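The values are calculated or read from the model by the stated rules, or taken from the named source; none is laboratory data. The structure displayed is predicted, hence computed values, not measured ones. Each accessible area value is taken on the protein alone, full model and side chains, heavy atoms only, with ligands, DNA and RNA left out. Shrake-Rupley method; radii C 1.70, N 1.55, O 1.52, S 1.80 Å.
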Amino acid sequence: FLAIGVPIKYLVVLPFEFGQLDFLLPGMIISLENCVLLGLMMLGYSSVRAGKGWTLVLVGLLLVEGTVSFLRFTKTAILLTMVLPVLGRYLATGQLRTLILGGATIFGVYLLVSPLVGWCREAIEPVAKVKPVVDELGGDSKPRTTLRERWEVAHDALVAILTGNMEQQAPPQAGWTRLSYANAQTFAMASHDAGLPGDSLSAAPYVFVPRVLWQDKPLLTDVAKDFTELTVGHRQNHTGLGLFGEAYWNGGWFLVLVLSAFVGVLFAGLTRIAFTMLARVGWAFLPCAFLGIMLGVRIDGWFVSTYLGMPVMYFALLAMIVVFVMPWIPNPHEKFGHYR
């Protein structure tokens, strides 16, 4: 996992994210950086089962990954970097206290980094607006900033919080607004009822064509910016609508039923595949299982990019595992950890 994930993440994905590459990366390539997280989980498992040497490797990689995740100014990356090793250690011990202690530590880190990340994202926005990245393919990729600029912002944030000069950048408890999509859904429903339905599902055919074959393929995630512009008049944020709101926006209650049934069958199918493959292949199938979990938590994702795009990547990964990995597994029926 690390042999695949580390080169892709540090030589391709991060340079792209930090504005050093001026071409769009296919989503399939970006998804492979998750192999680093799976490597952390395996290191967590090995740190319990195979001795202190693996613990040192785990701590070293955690320090690097934690620093990089913080410089990306995203709480999700920071938390996942901690969650996966805890899960690996739990698989090795089977003890509930491992989850409790790990969960308490992760919660404490979240309370610490949440104001820092919010401050950094607010501080980096003016820098990003000055030098947005506009690719030659007609895409509308998000503005990116260099690693040096991010270091400077992170340094300023740490100084501000240590000196007590960090100002509140957002209304108190603004995070609660991310738990309710009633405002966006109300706008979408009112638009449909007024005879102005959405067309976000029209991008569905683009999902099945790899970007390497169609380099000027539209960005599937631009629908979130389009909806932001439609509602508040700018394109600086990605607004989530949710499956039910988007379905009603495009086709009323009938489409709500159709898309809900589709997603239900999708989740049931991926769950069955995950249980079967984990039992037979073990660790080799973890990239697909992880991608399925990430699909399940995207409650604010748009249908085409989330519930069509991610399954395409899922089955592409599955095919690669079956063709290139399974023939090399000495005992394909070996279980992973305490899995049953």
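The shape of the chain comes out oblate: with a ≥ b ≥ c from the C-alpha gyration tensor, a/c is at least 1.5 while a/b does not beat b/c. Put simply, the amide H of residue 33, placed in the peptide plane, has no neighbours under 5 Å, leaving out anything fewer than 5 places away on its chain. Using the alpha-carbon centroid of each, what span in Å lies between the range 10-47 and the range 247-273? That distance is 30 Å.
Here is how the number arises for the chain: DSSP H runs of 4 or more residues each give -39500 (n - 2.57), the sum is divided by the residue count, and the result at 222 nm is -20500 deg cm²/dmol.
A full extension of the chain between residue 99 and residue 324 corresponds to an added length of 77.6 nm, given 0.36 nm per residue minus the alpha carbon distance.
Each Cα pair under 8 Å and six or more residues apart adds its separation to the average, and for the chain the resulting relative contact order is 15 percent. Within the assembled protein chains, the solvent-accessible surface assigned to residue 189 is about 70 Å², based on a 1.4 Å probe.
With all protein chains in place and a 1.4 Å probe, the accessible surface of the chain carries 67 percent carbon and sulfur.
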